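Read through the structure below, which is laid out as structure tokens, and then see the notes.
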Amino acid sequence: MRARGMQISPSGVRYIWVKHGLETVVKRLETLARGDVDRLSEEERRLLERGQKAARLSLRGDADDAEGGEPLSRQQLILHAAAELFASQGYDRTSIRDIAAKVGLLPGSVYHHFPSKEDIYLGVYREGFRRIMARVREAAAAGRDPWDRLQRACEVHVSGLVEGEHIERLTGHSLAMIDDHEVFDKIRGDRNAYEQVFRELIEALPLAPGADRTLLRLTLLGAMNWVAIWYRAGKYSSQQIADTMVAMLRRGVSGGA
């Protein structure tokens with residue numbers, strides 16, 4: 001068009017694409033194929049398949065992962081895929097292209113939602129804190145008394161760290177140890193908000209005069225968070241671990257007079 005002396009802006013090009021239903025790579029490939037995918041190259045078929053998979057997921061959600069049966073948003077799908085890859089192969093060895101392939105998107109679509117891999121990493125942590133905090137609050141609210149509320153909250157906490165989805169387990173690991181202090185500073189607010197839930201639960205406990213509630217909270221959270229490091233399925237359930245920890249703090253372990 002420029003060779004013919006015609007000038008058109010990028011927004012003008014997009015307007016024409018949208019007008020004819022060609023605004024995405026997937027739509028252009030679908031038009032090119034017109035029901036016959038053999039007309040496409042192998043790479044084009046892979047792109048089309050990934051794009052169609054992403055569209056189906058964003059419309060229906062994943063029945064196993066969606067909370068309350070609600071469809072997952074595309075951002076949530078990306079976070080789910082990223083958390084699984086970060087957990088299985090590590091942050092450094094996971095690329096945006098890996099995440100895009102896992103969820104069935106083009107890399108550019110991932111960048112549309114998250115400017116960088118670090119933003120995805122932070123998004124995983126924040127989503128993990130949000131989920132665990134909501135479940136801990138719900139469990140505690142059903143308790144009969146302050147100790148029962150704390151025990152229920154601890155059961156959910158430990159369960160999320162060792163048996164939850166990849167997002168929750170990755171977040172749980174960061175509660176025990178995190179090597180990147182810059183990342184820690186960026187999630188400090190989310191972590192503090194989560195710990196505030198346990199601060200309130202422990203403030204409500206009927207303790208002996210002079211008992212240090214701050215040290216009690218730190219001791220309990222430290223013990224529970226470290227479960228993410230040493231836990232192996234089989235010997236104890238997450239509920240048994242949480243209940244035993246609370247019982248030992250409440251009643252002690254001494255058998256003497």
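So GLU138 passes all but one of these: (1) surrounded by 13 or more Cβ atoms within 10 Å (Cβ to Cβ); (2) in the same structural domain as ARG191 (by TED's automatic domain parsing); (3) in a helix (DSSP H, G or I). Which condition number does it fail?
Failed condition: (1).
Please work out which one of (1) within 29 Å of ARG232 (Cβ to Cβ); (2) under 17 Å from the mean Cα position of the chain (by Cα); (3) without any contact (Cβ under 8 Å) to a residue 40 or more places away in the chain is the condition ASP92 fails and give its number.
(2)
Just to be sure I understand, how many residues within segment 89-124 are out of contact with any Gly (no Cβ under 8 Å at 6 or more places or on another chain), closer than 21 Å to ARG188 by Cβ and assigned to a loop (DSSP other than H, G, I, E, B)?
Of the residues in segment 89-124, 3 are out of contact with any Gly (no Cβ under 8 Å at 6 or more places or on another chain), closer than 21 Å to ARG188 by Cβ and assigned to a loop (DSSP other than H, G, I, E, B).
Scan segment 95-150 for residues that are under 14 Å from the mean Cα position of the chain (by Cα) and acidic (Asp, Glu) and jot them down.
GLU118, ASP119, GLU127
Which number in (1) within 18 Å of PHE198 (Cβ to Cβ); (2) in contact with a helix residue (DSSP H, G or I) (Cβ under 7 Å, 6 or more places away or on another chain); (3) surrounded by fewer than 22 Cβ atoms within 10 Å (Cβ to Cβ); (4) without any contact (Cβ under 8 Å) to a residue 40 or more places away in the chain marks the one condition that GLY160 misses?
The failed condition is (3).
Test TRP226 against the criterion of being in the same structural domain as LEU161 (by TED's automatic domain parsing), within 23 Å of ALA87 (Cβ to Cβ) and surrounded by 13 or more Cβ atoms within 10 Å (Cβ to Cβ), and give yes or no.
Yes: the conditions hold for TRP226.
The values are calculated or read from the model by the stated rules, or taken from the named source; none is laboratory data. Bear in mind the structure is a predicted one, so any value in this text is a computation, not a measurement. Note that each Cβ is placed from the backbone with ideal geometry, even for glycine, and that neighbours are counted across all protein chains shown.
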